């Protein structure tokens, strides 16, 4: 008998696999799209260089979307679908606008990009963005997309602490985040919040307080990431200069298991650690063994007899 209700495989947290099988009755894969958008903390609107952990934060965010963004997105998505179907012919596909800030463009451009995905017969659309790039007009556009397909908007919160946000060059306050988040929630749009463990200057209590606050906000989904140091980033420079020390594996496992205690059980945990690109990853190298990290979290939760939301 499972100790956690949102599980069919003895997991003690609400996995994305469980949600997808419950919702779609099949395997679901994400087709990643780069629509060529930029970010306001990179193009000079609010800052330059992007977040300190962003590998392409300098000289990359130049507004690269094509004049025919509809065809560009459609071609990317069709290529992704072909690649995915070769391995998983019976799966359903979600179009994932992942790169940079995917609500940060003129409204007609956004309409064309989202329409291209809708016209490719996908099971849903996920849109990664920032909470300070959600104007009333954008919210109305997102609502119209949600009326046609399963829509998730993924918000990069990372931390609730403004001191840390300033250090990582996020260029918006927690108050601004809340404004954007509540706009989405009021519009009935499914939202997934991203947080990062191991940010510079943050300890156990800081990371736990972020998770507590995320639990209070009760989003539909959460992604928990480990901070990776990638080549060519401002964070790498800090690391090489001895100004930043990445998390140890056991510390990461401990904080994640404790954070899950404060996330409502209904909230889908879409990720418990990130996938660092091996071509660029500098540290921590232990993060390459994702199976070991996830297994360590499962083991620790079983040892402590805890599960997602137990502390609520």
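The values are calculated or read from the model by the stated rules, or taken from the named source; none is laboratory data. Predicted, not measured: the structure shown is a model, and the values here were computed from it. Counting neighbours? That spans all protein chains shown, and the Cβs are built from the backbone with ideal geometry, glycine included.
Look at (1) over 19 Å from the mean Cα position of the chain (by Cα); (2) modelled with pLDDT of 95 or more; (3) surrounded by 15 or more Cβ atoms within 10 Å (Cβ to Cβ) and you find that residue 252 fails only one, number (1). Do the conditions hold for residue 270, that is, is it more than 29 Å from residue 151 (Cβ to Cβ) and crowded, with 19+ Cβ neighbours inside 10 Å? Spelling it out, it is not the case that residue 270 is more than 29 Å from residue 151 (Cβ to Cβ) and crowded, with 19+ Cβ neighbours inside 10 Å. A residue that is surrounded by 14 or more Cβ atoms within 10 Å (Cβ to Cβ), part of a loop (DSSP other than H, G, I, E, B) and at positive phi occurs somewhere in segment 158-181. Scan segment 246-289 for residues that are part of a helix (DSSP H, G or I) and either over 20 Å from residue 193 (Cα atoms) or without any contact (Cβ under 8 Å) to a residue 12 or more places away in the chain (or both) and the total you get is 8. Against the numbered list (1) more than 13 Å from residue 39 (Cβ to Cβ); (2) at pLDDT 95 or above, residue 66 comes up short only at (2).
Given the condition on the phi > 0 side of the Ramachandran plot and surrounded by 17 or more Cβ atoms within 10 Å (Cβ to Cβ), answer yes or no: does some residue in segment 108-123 qualify? Spell out the reasoning first.
Quick first cut of segment 108-123, residues on the phi > 0 side of the Ramachandran plot only: 121.
The next check asks that each one be surrounded by 17 or more Cβ atoms within 10 Å (Cβ to Cβ); those that pass are none.
The answer is no, given that none of the residues of segment 108-123 is on the phi > 0 side of the Ramachandran plot and surrounded by 17 or more Cβ atoms within 10 Å (Cβ to Cβ).
So, of the residues in segment 213-242 that are part of a loop (DSSP other than H, G, I, E, B), out of contact with any strand residue (DSSP E or B) (no Cβ under 9 Å at 6 or more places or on another chain) and touching a residue at least 40 places away in the same chain (Cβ under 8 Å), which turns out to be nearest to residue 49 (Cα to Cα)? Restricting to residues being part of a loop (DSSP other than H, G, I, E, B), out of contact with any strand residue (DSSP E or B) (no Cβ under 9 Å at 6 or more places or on another chain) and touching a residue at least 40 places away in the same chain (Cβ under 8 Å), the top hit is 232.
Out of all the residues in segment 104-124, which are within 28 Å of residue 53 (Cα to Cα), in contact (Cβ under 8 Å) with a residue 60 or more places away in the chain and in contact with a helix residue (DSSP H, G or I) (Cβ under 8 Å, 6 or more places away or on another chain)? Reasoning before the result, please.
Just the residues of segment 104-124 that are within 28 Å of residue 53 (Cα to Cα), to begin with: 104-106, 109-110, 113-114.
After this cut, where a residue has to be in contact (Cβ under 8 Å) with a residue 60 or more places away in the chain as well, the list is 104-105, 113.
The answer is 105, 113.
Scanning segment 119-131 for residues that are over 30 Å from residue 201 (Cβ atoms), in contact with a strand residue (DSSP E or B) (Cβ under 6 Å, 6 or more places away or on another chain) and assigned to a helix (DSSP H, G or I) turns up nothing.
The residues of segment 12-46 that are out of contact with any helix residue (DSSP H, G or I) (no Cβ under 7 Å at 6 or more places or on another chain), within 20 Å of residue 273 (Cβ to Cβ) and outside any strand (DSSP E or B), listed by number, are 14, 16, 17, 18, 19, 20. Considering segment 69-97, the residues that are closer than 11 Å to residue 29 by Cβ, within 22 Å of the chain's Cα centre (by Cα) and in contact (Cβ under 8 Å) with a residue 60 or more places away in the chain include one that is surrounded by the most Cβ atoms within 10 Å (Cβ to Cβ), namely 95. When the test is whether a residue is in contact (Cβ under 8 Å) with a residue 12 or more places away in the chain, buried (at least 20 other Cβ atoms within 10 Å of the Cβ) and either out of contact with any helix residue (DSSP H, G or I) (no Cβ under 6 Å at 6 or more places or on another chain) or assigned to a loop (DSSP other than H, G, I, E, B) (or both), residue 155 passes it.
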